[in-house]
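Every read-out reported here was derived from the displayed coordinates using simple, explicitly stated rules and does not represent laboratory data. Remember, it's a predicted structure, so these values are computed and weren't measured experimentally. Cβ: placed from backbone, ideal geometry, glycine included. Neighbour counts: every protein chain shown.
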């Protein structure tokens, strides 16, 4: 599995597994656990979750999936903004650890900017890191200005990752956020790499140019969309899959190498940004 280095020196896989919407239906529990374990077997040992997902239910699914295999896995979870003060984050982290059934979280993120002063959030992260409850910390849904603000605060130099919405159709981060992060060797973690809703996915994956590139590689359009992200510098990708075939398909995307012709065709179909814009969020 291809990896990146976090600013701390920790190694993180570039392709992982998302868990948004997991843990919501007990009838799907075994299928979701099996999918995560299959992904781990295939080398996708980065698993991303959050206390928000199914009100902790997704963390419980992850906990069951990684039981007995914790040393193999890079666990990412996220804290609600309203829990991101000194006392609240300590309690939230303890709850997440209990649901995950493990002693530490590899990367703990602020889910989105909130009303708690960022300086206090960074202080809370540092405290958890010093106590061994987390190994690294970062943010999610931060634009360039938010990242700049964090970098100027005590502890801001330890922000390890920014998780944002990024895919072929949503390339706004390329205008200023992605270059800013690359200059500082801070990886960007792309969530919803294939869009979120069924209608959005249909519009993305049904694009004629994307289908043409996929045909040249004897691949699916979803694999090409993932391969495109995986070829971006300093980008980590976390697609979610429950069906075994989709898990295998996601893993195989890592082996696809897009040509200059492919990339040019995708740029014509999904143009890069020509100006700054508000950060896309889900």
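Here are a few things to note about the model shown:
- Using alpha-carbon coordinates, inclination of helix 86-100 to the longest axis of the chain, degrees: 60 degrees
- Contact order relative to length of the stretch 1-123, as percent, for alpha carbon pairs under 8 angstrom and 6 or more apart: 22 percent
- Ranked packing of 230-240, 181-191, most packed first, by mean Cβ within 10 Å: 230-240, 181-191
- Relative contact order [Cα under 8 Å, 6+ residues apart], the stretch 87-191, whole percent: 23 percent
- By DSSP, the beta bridges lying fully in the chain are antiparallel in about 15 percent of cases.
- Kirkwood Rh and Cα Rg combined as Rg over Rh, evaluated for the chain: 0.95
- Highest-MSF residue in the chain out of 270, 137, 125 [GNM, Cα springs under 10 Å]: 270
- Along principal axes, Cα extents of the stretch 34-115, largest first, whole Å: 40, 21, 20
- Antiparallel content of DSSP bridges confined to the stretch 1-82, in %, to 5: 40 percent
- Principal-axis tilt of helix 221-230 within the chain, Cα atoms, nearest 10 degrees: 50 degrees
- DSSP-defined beta bridges in the stretch 126-198 - what % are antiparallel, rounded to 5: 10 percent
- The stretch 85-207 shape via C-alpha gyration tensor axes, a/c threshold 1.5: oblate
- Kirkwood hydrodynamic radius over Cα pairs of the stretch 171-282, then Stokes diffusion coefficient at 20 °C and 1.002 mPa s, in µm²/s: 145 µm²/s
- C-alpha center-to-center spacing [the stretch 101-144, the stretch 205-264] in angstrom: 31 Å
- Rounded to 10°, Cα long-axis angle of helix 118-130 versus longest principal axis of the chain: 80 degrees
- The Stokes-Einstein estimate for the stretch 157-234, based on a Kirkwood radius over Cα pairs and taken at 20 °C with 1.002 mPa s viscosity, is a diffusion coefficient of 160 µm²/s.
- Computed over the chain: relative contact order in percent, which uses C-alpha pairs under 8 Å that are six or more apart: 19 percent
- Cβ crowding within 10 Å averaged over residues, with 90-101, 166-177 ranked highest first: 166-177, 90-101
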